[in-house]
Amino acid sequence: MEIIPLFLICFLTLLTFPKPTRATLPGTWELLISNAGIASMHTAVTRFNTVLLLDRTNTGPSRKLLPKNHCRFDKTDAVLKHDCYAHSILFDPKTNQLRSLKILTDTWCSSGQFLPDGTLLQTGGDLDGFKKIRTFNPCDLNGSCDWKELNDVELSEGRWYATNQILPDGSIIIIGGRGSNTVEFYPKRENGIVSFPFLSETEDTQMDNLYPYVHLLPNGKLFVFANTKSVMYDFIENRVVKVYPELNGGPRNYPSAGSSVMLALEGEFSEAVVVVCGGAQYGAFLERNVDMPAHGSCGRIMATGENPVWEMEDMPFQRIMGDMVILPNGDVLIINGAMKGTQGFELGSDPCLNPVLYRPDEPVGLRFMVLNPGTVARMYHSTANLLPDGRVLLAGSNPHVFYRFDVEFPTELRLEAFSPEYLDSDKTNIRPEIVEIPETVSYGVGFDVVVSVGLPVVGVIEVNLGSAPFATHSFSQGQRLVKLGVNSAVPDGGDGRWRIRCTAPPSGMVAPPGYYMVFAVNQGVPSVARWIHVS
C-alpha cells in the first residue's frame, strides 16, 4: 500500500478545508419588515419599546396609507395637495407590527430630542416646517398617540439641519441650521435667539457646519464640533471657554458626512472623550463627485482635559454617512454608509456593508473589529438605533428626491436588525435578566437592582444607563451612556438571583433628566433593558 507523506496530507487538508465565509465574522443580521411603507429619515426609540420612524411630508406617495378620513390637505404641497399617505409610522420591534401616524408640516432635515417626561420634541424642517415645533407623546402600538403640531409657539428662527441637545435642567438647546448661526431654547427664554459666532466661523462654500456634533459634557458645558473645528461652549453665559485643536482629515459634518460619539461616562464622571470618524473630501459635494473616496480617519480627544489633542487612527474602511451607536457595554458600532462620494441626493456610491466595532479600551491599532456584512445598502437618509433588547435597528436610505425603486440604490423600505456578538447563543448562560428595578431614581441616591444569571457571577456586573437619542443624518442627537457606580453583586435568595447596589448619576450634567434604558452587563453581555426615570 502506498504511503502518503505527512506534509502532503497537511497540504491536501488545507486545500479541502472550507474557506472563511461572511458568517465567520461576528454579528448576525435579521430582516424584520420587508415593507415598512416609508423610508425613515429620522428614528427614535420610545420608553414604550416602540420605535418612531419619520420621513419628509413632501415626498409624494409613500407605500403606506393613513387611516380612512385622516388625509392631509396642503395647498402648498407641489406633489400631493390631498395626501392620504403616511410619512411617519410607529413600529413595535417585538411583534414587528406597524401603525400609521399623521404628520402635517415638512420635517425634511429637522431635529429632535426627548423631553424629561418622555415626550419627543421635534423642531424645524423645510417650507411650512421651517419654524415649526411638534411633539409626540409616545404610547404602545395599541394606543392612539400621534403627532401634535404646536400652534401657540414656534421657533424664533427657522431651523433646517440643526442639532438639539437636552441640558442639565431638562430644557432643550437648538443649535444652528442652514443660514442660522444662532442658538435658541425650548421652553423659550427671554432673550430668544442667541448669536453663536462659532457657526459662522466654520461655514465654508459647502456649508460644512450643518448638523453640528453636540455633546453635553459632565462639567455642564457643551462640546460643539463643526466642519474641522470644535469648542467648549458655556450656553449659560453664551461664551466659548475653550478652543480645541483643529481635526485634520477634511470636513466631517453635513454634507461631508462623518459621525461622532461621546464615549461612556464612568468613574468619577470628570472625564469625557469624544470620537469623530469618517467624512467626505472637500469638494465632493460642490462637484457632485460620486466617485471621490471618503476618509477613513478617526480623531479621539479628551474633551475635558487641560491641554487636549486629537489622537488619530484609521478605520478598516473609508466611510461616509456611517452611524455611530453606543452599545450597552460601552463599545461603539459603526454601521451604514458608503465609501465614495458625499451626502446629498444621489451623491454616494460603493456602499460600506461591513459594520465595524470600535472598542475604546483597546490600544491604538487594536480598537477596530470588522463585523459580518449586511446585504442592504444604507446610504443617504438612513438611521441606526439601539433597541432595548440589545439589537441595533437599521432603517431608511432614500438618496432620491422622491421614492424610486428602479435604480442602483433604491428607496429602502426594509427594516433590519443587527445583533452584535454579545447576543450569540453561546452567551445565553451569562446574559443577565433584570428582575427588580425601581421605576424612578433621584440624583445621587443609592438603589438596588436584582438580576438573575444562568451561571455563577465571576466579576462585576455593570449597570449602565443608555439614552434614547434622535438619529438622523449620521448623528444621534442626545446619545449618551452612563456607567453607574456599583457594588459587587451578592446572592439574593438563590436560583441565580443577585442583588447589586447602585448609585444614581450625581446630577443632570452627567445624565440629563428623563427616561433611560437600564442594562445590566455581565462580562460584556447586556440584559434586555428596563426603563427608568432619572430626575
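The table for this structure:
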item: All positions within region 263-288 that are outside any loop (DSSP other than H, G, I, E, B) and over 17 Å from Val356 (Cα atoms); result: Leu265, Val273, Val274, Ala284, Phe285, Leu286, Glu287
item: Condition check for Lys229: open to solvent by 10 Å² or more (accessible area, probe 1.4 Å), touching a residue at least 24 places away in the same chain (Cβ under 8 Å) and either aromatic (Phe, Trp, Tyr) or touching a helix residue (DSSP H, G or I) at 6+ places or on another chain (Cβ under 8 Å) (or both); result: yes
item: Residue count for region 128-147, restricted to those that are outside any loop (DSSP other than H, G, I, E, B) and surrounded by fewer than 18 Cβ atoms within 10 Å (Cβ to Cβ); result: 2
item: Number of the condition not met by Gly365 [criteria: (1) on the phi > 0 side of the Ramachandran plot; (2) at pLDDT 95 or above]; result: (2)
item: Within region 459-501, considering residues that are in contact (Cβ under 8 Å) with a residue 60 or more places away in the chain and among the basic types (Lys, Arg), the one farthest from Val449 (Cα to Cα); result: Arg480
item: Filter result (modelled with pLDDT under 95 and surrounded by 17 or more Cβ atoms within 10 Å (Cβ to Cβ)) within region 57-82; result: Thr57, Asn58, Thr59, Arg72, Asp74, Asp77, Leu80
item: Spans of strands (runs of 3 or more DSSP E) in region 15-127 with at least 1 residues touching a Leu at 6+ places or on another chain (Cβ under 6 Å) and under 22 Å from Phe405 (Cα atoms); result: 28-33, 42-45, 88-92, 97-101
item: Cross-chain or 6+ apart pairs with Cβ under 6 Å, region 291-317 first and touching a residue at least 60 places away in the same chain (Cβ under 8 Å) and closer than 20 Å to Asn253 by Cβ, then charged (D, E, K, R) and outside any strand (DSSP E or B); result: none
item: Matching option when the condition is touching a residue at least 60 places away in the same chain (Cβ under 8 Å) and open to solvent by 10 Å² or more (accessible area, probe 1.4 Å), among Leu98, Leu120; result: Leu98
item: Phe269 vs. criteria out of contact with any His (no Cβ under 8 Å at 6 or more places or on another chain), closer than 24 Å to Gly112 by Cα, of a type in the set (Phe, Trp, Tyr) and surrounded by fewer than 23 Cβ atoms within 10 Å (Cβ to Cβ); result: no
item: Residue match in region 148-158 (condition: touching a residue at least 40 places away in the same chain (Cβ under 8 Å) and open to solvent by less than 20 Å² (accessible area, probe 1.4 Å)); result: no
item: Some residue of region 412-422 being more than 25 Å from Ile335 (Cα to Cα) and either out of contact with any strand residue (DSSP E or B) (no Cβ under 9 Å at 6 or more places or on another chain) or among the polar types (S, T, N, Q) (or both); result: no
item: Residues satisfying the stated conditions in region 484-504, i.e. part of a strand (DSSP E or B) and either among the hydroxyl-bearing types (Ser, Thr, Tyr) or under 18 Å from the mean Cα position of the chain (by Cα) (or both); result: Thr503
item: In region 170-208, residue modelled with the highest pLDDT [restricted to those that are open to solvent by less than 30 Å² (accessible area, probe 1.4 Å) and of a type in the set (Asp, Glu)]; result: Glu184
item: Among the residues listed as Gly478, Gly485, Gly454, Gly390, the single one being buried (at least 16 other Cβ atoms within 10 Å of the Cβ) and in contact with a helix residue (DSSP H, G or I) (Cβ under 7 Å, 6 or more places away or on another chain); result: Gly390
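The values are calculated or read from the model by the stated rules, or taken from the named source; none is laboratory data. Every value quoted in this text rests on a predicted model; they were computed, and no experiment measured them. With ideal geometry, Cβ positions are generated from the backbone for all residues, glycine too; neighbour counts draw on all protein chains shown. SASA here: full protein model, heavy atoms, side chains in, ligands and nucleic acids out. Shrake-Rupley method; radii C 1.70, N 1.55, O 1.52, S 1.80 Å.
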